Amino acid sequence: MITRLLHAKTASIAEAAQMLRNGRLVAFGTETVYGLGGIATSAETVARIFAAKNRPVFNPLISHFPTIEAALHEVIATPISQRLAEAFWPGPLTLILPRHAESQICDLACAGLASVAVRVPAHPVARVLLRAVGLPVAAPSANPSGRISPTNAAHVVAGLEGRIDAVLDTGDCPVGLESTVLDLTGAHPVILRPGAITIEALEHVIGPFAQKETTPSPGSNDAALRSPGMMSSHYAPTLPLRLNARNCHENEALLAFGTPLSHAPLIWNLSASGDLVEAAARLYAGLHFLDKAGCAQGLKGIAVMNMPGHGLGQAIMDRLQRAAAPRMTHPDETAFEGGG
Ligand code: TXA
Ligand code: MG
C-alpha cells in the first residue's frame, strides 16, 4: 500500500473525508497528537486500524465527533458528563460512558466493553474533517503500538508508512500530549490517563476526586483492568530512559528542562524557561529526535531531568515513567505493550 501525504487544504480535507467514508485509514492531526482515523461503525475498518498499529484488540479506541451533541448521542449521558462536555469540549478530554443501545459504534472499537470512549477534538481541521465524514471516527494515536505518539506528519510517516492510506498534514500538534481519559461509568469519576486537561482543571468543574480513585499507578492491576491502554511499558523509544538525572554520562543524550546539565553530547530542551505547557508540546518531538539522533551517534541512553509534578507536569511525568518502564519481552506479554 502506498501512503499518500495530503496537505490540509479544502480540497484535500474533502478527499480525506471521502476516503474515510469509503473505509480507508487516514491519519490526521488533532490538538493533542495525530490520530489514525477510520470509521468506527465498520468492524472491518476498525480491524484494519488494529492491524496497522499492531495493537492488541482488547485495547479499545476513542471515537471522535465534530460536536458535543453527536458525541453524547452514542452514550448514556449523565448530568456530570454534560457539565464536563460543556466545560472542555471541543478539547483534549475523553469521556468513558455507557454505550447507548442504539450506538452505531461497532463492538470491536470498544473491545467488546459495555462502555465507549468519546471525544470532540478542538483542532479546526479535525473538526472540518469530522463534520464532512458525518460518522464517528475511531482514532488511536497514529504510532505503532507501544511507540511514541506522533506530533507531526513526519512522525506518522516514519512509523506507519505503507500500512495506512493517507496522512493529512496539519503541522505540529499544539498541545503535544494525549487527551485526559476520564471514566464516568462508576460511582465516582476516575482518571484513567492523566493528560492535556489537568486534574486541577477537572476538579474546578466537578469538585475534588475521591482519594485513591484518581489515576491508578502505571502498570498496576487496577489500571490494566480499568483501562487496557494503561500498561506500564508504553510510549517507548528504543534508547532506555534514566529519570531524575542529576548528571549526564558521556554516552547519554539529555532531555532537559530549564537550565541543561552540562556536558551532554546531545540535548533537547523541553523548555529553557521552565514552562510546562511548552514542555508538553515539545515532549514527543524531543523523544523522537533524541532517539533517532542518539542511536545514529552511538549513544546508549537518554538522561531525563526532573520537572515539577503539578499541572501538565503530572501527565508529562506519567509518559516519561512509561517510556522508562522495563519492556516486556515474553511473547504473551508483548500485547501488554500496547496502548499505542
Ligand atoms: O489525544 C488522544 O486521546 C489521541 C487523539 C488522536 O485523539 N488518541 C489516543 O488514543 O491517545 P489511544 O488509542 O492511543 O488511547 C486511548 C486510551 C487507551 O488507553 C484506551 O485503553 C483507553 O483510551 N480507552 C478507550 N476506550 C476505553 C474504554 N471503553 N474504557 C476504558 N478505557 C478506554
Ligand atoms: Mg496511544
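The values are calculated or read from the model by the stated rules, or taken from the named source; none is laboratory data. Remember, predicted model here, so these are calculated numbers, not experimental data. When we count neighbours, we look across all protein chains shown, and the Cβ atoms used for this are built from the backbone with ideal geometry, even at glycine. Quick note on the areas: whole protein, heavy atoms, side chains included, nothing else; ligands and nucleic acids left out. Shrake-Rupley method; radii C 1.70, N 1.55, O 1.52, S 1.80 Å.
Tabulated data
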read-out	value
Separation in nanometres of the label points that stand 7 Å from Cα toward Cβ, at ARG242 and PHE58	3.5 nm
Whole-number D in µm²/s for the chain (Stokes-Einstein; Kirkwood sum over Cα pairs; 25 °C, 0.890 mPa s)	123 µm²/s
Angle in degrees between helix 43-53 and the longest Cα principal axis of the chain, rounded to the nearest 10	0 degrees
Relative contact order, percent, the range 163-206 [alpha-carbon distance under 8 Å, six or more residues apart]	30 percent
Shape box of the range 81-205 [Cα atoms, principal axes, largest first, Å]	44, 33, 30
Using θ = phi - 60° and Karplus 6.51 cos²θ - 1.76 cosθ + 1.60, couplings along the range 184-196 (whole Hz; Gly, Pro as x)	10, 8, x, 5, 10, x, 10, 7, 8, 9, x, x, 5
For the chain, size of Cβ-based charge dipole, Lys and Arg +1, Asp and Glu -1, in debye	440 debye
With every protein chain in place, the range 241-324: carbon and sulfur % of accessible area (1.4 Å)	53 percent
Heavy-atom SASA rank of LYS53, LYS9, LYS292 (probe 1.4 Å, accessible area, largest first)	LYS292, LYS9, LYS53
Whole-angstrom gap from the range 5-21 to the range 148-173, using each part's C-alpha centre	15 Å
Value at 222 nm in deg cm²/dmol, rounded to 500, when DSSP H runs of n ≥ 4 in the chain each add -39,500 (n - 2.57)	-9000 deg cm²/dmol
Paired Rg and Dmax values of the range 241-324, which use every Cα atom, in angstrom	11.6, 35
Order of exposure, largest accessible area first, which applies to ASP275, ASP172 with probe 1.4 Å	ASP172, ASP275
FRET efficiency estimate (nearest 0.05) - Cβ-Cβ, GLU44 to HIS73, R0 25 angstrom	0.65
Solvent-accessible area per residue for the chain (1.4 angstrom probe, square angstrom)	41 Å²
Heavy atoms of HIS123 accessible to a 1.4 Å probe, total area in Å² rounded to 10	20 Å²
Cβ crowding within 10 Å averaged over residues, with 38-46, 202-210 ranked highest first	38-46, 202-210
Two-site FRET efficiency, GLU86 against SER262, from Cβ-Cβ distance with R₀ of 35 Å, rounded to 0.05	0.10
Beta bridges per DSSP with both ends in the chain, % antiparallel, nearest 5	45 percent
Carbon + sulfur, % of accessible area of the range 4-206 - ligands and nucleic acids excluded, 1.4 Å	55 percent
Relative contact order computed over the range 1-99 (Cα-Cα under 8 Å; 6+ residues apart), in percent	16 percent
Nearest-10 value in Å² for the accessible area of SER12, using the 1.4 Å probe	20 Å²
Cα long-axis angle, helix 124-133 against the chain (0 to 90 degrees, to the nearest 10)	30 degrees
Part-to-part distance (alpha-carbon centres) for the range 308-326 and the range 33-98, which is given in Å	24 Å
Rounded to 5, the percent of DSSP beta bridges in the range 4-206 classed as antiparallel	55 percent
Between 0 and 90°, nearest 10: helix 10-21 axis offset from the chain longest Cα axis	70 degrees
Contact order relative to length of the range 262-323, as percent, for alpha carbon pairs under 8 angstrom and 6 or more apart	30 percent
By accessible area with a 1.4 Å probe, ligands and nucleic acids excluded, highest first: order of HIS73, HIS100	HIS73, HIS100
Student exercise, the range 1-79 dipole from Lys, Arg, Asp, Glu Cβ charges, in Debye to nearest 20	360 debye
